[in-house]
Amino acid sequence: MSAEPRGNGWVGVLPTLVSAAIFAAFLGALPRVSAGEDLRLAFEWVPSLGVTLSFLLDGLSLTFALLISGIGTLVFLYSNSYLAGHPQFTRFVLFLFSFMLSMLGLVLSDNLIGVFVFWELTTITSYLLIGFGHETKKGRRSALQALFVTGAGGLAMLAGFILLGNAAGSFEISEILTDPEALKAHEHYTAILVLVLLGAFTKSAQVPFHFWLPNAMAAPTPVSAFLHSATMVKGGVYLLARLHPGMSGTDGWIWSLTIAGAVTAVLASVLALRQTDLKQALAYTTLMALGTLTLLLGQSSAYAMTAFATFLVVHSLYKASLFLMVGCIDHETGTREAGILGGLGRSMPVTALAAALAALSMAGLPPFIGYIGKELIYAGSIVAVSSPVFVTAAALAANALMVAVAGVVALGPFWRKAGGELPKTPHEAPWPMLVGPLVLALGGLAFGTFPWLVEGPLVAPVVGSLLGDLTLTKHLHLWAGVNLPLYLSLATFALGFLLYALHKPVRAGLARADAATPTLDVWWDSFLDGLKSLAGWQTRVLQSGVLRRYMAIMFLVVAVALVGTIIARGVSIPLPDLSDVTWMNVVLVALMIVGASLATVTTSRITAMASLGVVGIGVAMIFIVFSAPDVAITQLMVETLIVVLVAVALLRLPKLDRARDDWRPWDAVLATAVGGAVTAVIFAVIATPVDRRLTDFFEAASYPDAHGRNIVNVILVDFRALDTFGEISVVIIAALSAYALLRTTRAKEDDS
């Protein structure tokens, strides 16, 4: 081994220790959860909206938490050597640790809103990690792409969560899942399913949202190992698993997950064989695993759920190990190109051992846990409620391709002849970089040789969370007899070995086909260009610099919104009862009409303002007529102040151009539409029975609680004191801004 490079001090050691402590804490809860006990912790957050900061530790969340914290510990240890002496190492550790905590919050949260908050935190922190090498255009592009795709999916998911919470009457997931039949029969179930799947599929990179995940390889290797094994990309899979007990079993759920999972698994496996960059090849195998997990969650059989729980652990172990192994190769040789690498077995024997063990588990060969997982996948596909032939064929194709990719990643770099000169003289990586890949690879061997180590503590509790019964878990064993899954495994090995033997011509053919086929990644750039063009056109139209157009657009939106709502809801507009109208009311209304009419025809700004002031005075007089003198006084003061201030400002503006202010029929139409719509809404509100709950409360509470008999004043000063303070602050800021603007204008005039 080479001498260990200079470390990063406590900045590198502390996160490793903290992560290990978190892992140990979750490990301590394993006996209770494995026995079927659920641990829950809740704090009030926004009780008025039914939002609680609650956390649930059951079989599913604990398994994810152990994978996140356990692999996180090894990744932190690895990073301390991989990025030894890096000037931005502290920033890297901060981002990575924040991401780990966000993932733990996501998998432990028992509240839909809490899930969304932690979901978005993982999106933001992963954006920072993927774009850690922000000096390169590729790094910035990849980070933005991941942020945009997963962030957009997260917003769709939030809408689905709101509908789900309203449909179930609670945002607590444990309460929502208590009545799955009512949820699936709800009228909003289809909308909830579509929105939730958008969030899950974008996060877990299911086709057609798969293109962002391989580009995320722009991140440093420790980030790739963490994000692509047990954390971010499995966030969508976790969400589907968490909601499986309440939403599965419908045709929409079954076929959406089955088709998306199967297409993703097979397509990703083909694209993985196409890659020459070892890290890119592993990225596409991650897609294959995510597709397989999604495919399994589309089913509801005990075999499928056992296969899901097992393969979840299998993939996390071998994928993290292989990513860290590729990082060792890149770190010590200076390249990840499969066509150049070769003959590293002698100079990097420990790395070669870790690669071989992890790749054998990835290929599904006995006695590794990957073999057991593959057998269970076939067992689950045979009894699939959706087309068993389709599901089994997709699983067979994906697994066979994985055998070939495992050979390309783990055999070629170490045991074939080098295809070119390496940039650096190869040697073994420092021991902190070898611990992770070796421990994880040996874990795959240990769990396969002794399946009971993982069946009782991890697999059974996950199945219990999905099916509600621990005893439904299918047993894990290396030999299940001569059956159809065994024949499918033999077919997998035969086809996989054949593909590996022919992988170079197959790769060349795939490269030619790939070059002739437009990719979603290329379309992504076109999409962004189109989005920028649309934003530019919209800005030119809306932000024209013409005040009249701004006003017209705002009032047009108001008119369309009001009229559209009235038509869509079929609101009836009853005529008001005018039997109690007095001559005083008629005089005041006539005064206001005259003022408004004069404001529309005058060419003098001062006259227009005075006319609008007349309208305001008319409103104040109406308040007096209806026995609200305090409101009338406020109205009079505001109107007077506005007229004076605006008049002072208008005196400094140029005179109106008569030629440009001729009669404009479209302005009249717009004004009539807005006025008519507002009037219609007022008529509809007047006809609605008055809800006196707030009125009765303030009448009863104003004097005893606030010692005031004027209810309006009490509301403003006591019950809504912060609102009033805010409004006063706004008025003061506006007055200061107006004063500064007028003073600046006066100074410019004096200079001229």
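The values are calculated or read from the model by the stated rules, or taken from the named source; none is laboratory data. Here the structure is a predicted model, which means the values were calculated and not measured. Using ideal geometry, Cβ is built from the backbone for each residue, glycine included, and neighbour counts are taken over all protein chains shown. Protein only, heavy atoms only, side chains kept; ligands, DNA and RNA dropped before computing areas. Shrake-Rupley method; radii C 1.70, N 1.55, O 1.52, S 1.80 Å.
Along the Cα-to-C-beta direction of Trp523, a point sits 7 Å from the Cα; which residues of the range 257-298 have their amide N less than 17 Å from that point?
It comes to 260, 263-264, 267-268, nothing else.
For the range 479-592, restrict the atom set to alpha-carbon positions and state the Rg and Dmax in Å.
Computed over the Cα atoms of the range 479-592, radius of gyration and Dmax are 34.9, 100 Å.
Between the DSSP loop rule and a limit of at most 14 other Cβ atoms within 10 Å, which chymotrypsin sites (Phe, Trp or Tyr not before Pro) in the range 543-649 are left?
Phe626
Using the Karplus curve 6.51 cos²θ - 1.76 cosθ + 1.60 with θ = phi - 60°, work out ³J(HN,Hα) for each residue of the range 162-168 in order, rounded to whole Hz, and write x for Gly and Pro.
Couplings: 5, 4, 5, x, 5, 5, 8 Hz.
For the range 570-644, with equal point scatterers placed on the C-alpha atoms only and solvent neglected, what are the log10 I(q)/I(0) values from the Debye formula at q = 0.11 1/Å, to two decimals?
The calculated log intensity ratios at q = 0.11 Å⁻¹ are -0.36.
Between His477 and Leu645, how many nm apart are label points set 7 Å from Cα along the C-beta direction?
8.4
Roll a 1.4 Å probe over the protein chains and send me the accessible area per residue for the range 17-137 in Å².
Per residue, the range 17-137 has an accessible area of 39 Å².
Note down the net charge around Lys234, summing +1 for each Lys or Arg and -1 for each Asp or Glu among other residues with Cβ under 15 Å from its Cβ.
Neighbourhood net charge equals +3.
Which three numbers, in whole Å and largest first, are the semi-axes of the equivalent ellipsoid of the range 227-313 derived from its Cα gyration tensor as √(5λ)?
After scaling each eigenvalue by five and taking roots: 24, 13, 10 Å.
Leaving out ligands and nucleic acids, note down the accessible area per residue over the range 374-483 with a 1.4 angstrom probe, in whole Å².
Roughly 41 Å² per residue, with all protein chains present.
Using heavy-atom solvent-accessible surface (probe 1.4 Å) with all chains present, what is the largest-first order of Met592, Met584, Met554?
Listed by decreasing accessible area, they come as Met554, Met584, Met592.
Arrange the peptides 110-117, 505-512 so that the one whose residues have, on average, the most other Cβ atoms within 10 Å appears first.
110-117, 505-512
How many nm separate the modelled label positions at Asp469 and Arg720, each set 7 Å beyond the Cα in the direction of the Cβ?
Output for this residue pair reads 5.7 nm.
Could you give the size of the charge dipole of the chain about its Cα centre, using +1 on the Cβ of each K and R and -1 on the Cβ of each D and E, expressed in debye and rounded to the nearest 20?
The calculated dipole for the chain is roughly 2380 debye.
Cα atoms only: what Rg and Dmax, in Å, come out for the range 544-587?
Every Cα atom of the range 544-587 included, Rg and Dmax give 17.4, 49 Å.
Evaluated at 4 °C with a viscosity of 1.567 mPa s, what Stokes-Einstein diffusion coefficient in µm²/s does the range 344-489 have when Rh comes from the Kirkwood expression over alpha-carbon pairs?
75
Once the range 1-150 is represented by equal point scatterers at the alpha-carbon sites, with solvent omitted, what log10 I(q)/I(0) does the Debye formula produce at q = 0.13, 0.14, 0.15 Å⁻¹?
Here the Debye-derived log intensity ratios amount to -0.71, -0.80, -0.89.
Which value, in Å to one decimal place, does the Kirkwood hydrodynamic radius take for the range 217-278 when every pair of different Cα atoms is included?
Here the Kirkwood hydrodynamic radius works out to 13.9 Å.
Would you mind getting me the FRET efficiency between Asp705 and Val730? Use the beta-carbon distance for r and R0 = 25 Å, nearest 0.05.
Between Asp705 and Val730 the formula returns 0.40.
If r is the Cβ-Cβ distance from Leu155 to Trp583 and R0 is 60 Å, what FRET efficiency results, to the nearest 0.05?
0.60
Taking only Cα atoms, what is the 0 to 90° angle, nearest 10, from helix 629-650's long axis to the longest principal axis of the chain?
Taking the Cα atoms of the chain, the angle to 629-650 is about 80 degrees.
Over the range 442-543, with a single point scatterer placed on each C-alpha, what log10 of the ratio I(q)/I(0) does the Debye formula yield at q = 0.11, 0.12, 0.17, 0.18 1/Å?
The calculated log intensity ratios at q = 0.11, 0.12, 0.17, 0.18 Å⁻¹ are -0.76, -0.80, -0.94, -0.98.
If you rank Ser174, Ser204 by how much accessible surface each has, with a 1.4 Å probe, what is the order from largest down?
Output order, biggest surface exposure first: Ser174, Ser204.
For Ile606 and Val669, what does the FRET efficiency come to when R0 = 30 Å and r is the distance between their Cβ atoms, rounded to the nearest 0.05?
0.65
Determine Rg/Rh for the chain; Rg is computed over alpha-carbon atoms and Rh is the Kirkwood hydrodynamic estimate from the same atoms.
1.10
Return the carbon/sulfur percentage of the accessible area of the chain, one whole number, probe 1.4 Å, all protein chains in place.
Summing carbon and sulfur atoms, their accessible area is 70 percent of the total for the chain.
Regarding the range 96-162, what's the average projected area of the Cα-atom convex hull, expressed in nm²?
One quarter of the hull surface, i.e. the mean projection, equals 4.2 nm².
Which three semi-axes in whole Å describe the equivalent ellipsoid of the range 675-717, each the square root of 5 times a Cα gyration tensor eigenvalue, listed largest first?
30, 13, 5
On average, how much accessible surface per residue is there in the range 571-629, in Å², for a 1.4 Å probe, leaving out ligands, DNA and RNA?
On a per-residue basis, 64 Å².
How large is the translational diffusion coefficient of the range 378-430 in µm² per second when you combine the Kirkwood radius over alpha carbon pairs with Stokes-Einstein at 37 °C and 0.692 mPa s?
230
May I have the pair-distance distribution P(r) for the range 126-269, computed from all Cα-Cα distances with 10 Å bins from 0 and rounded to whole percent?
Pair shares across the bins are 12, 39, 30, 16, 4, 0.
Once label points are set 7 Å from the Cα along Cα→Cβ at both Asp251 and Ile624, what is their separation, rounded to one decimal in nm?
About 7.1 nm, to one decimal.
Could you tell me what % of all Cα pairs in the range 325-381 have separations over 17 Å?
Tail of P(r) above 17 Å: 49 percent of Cα pairs.
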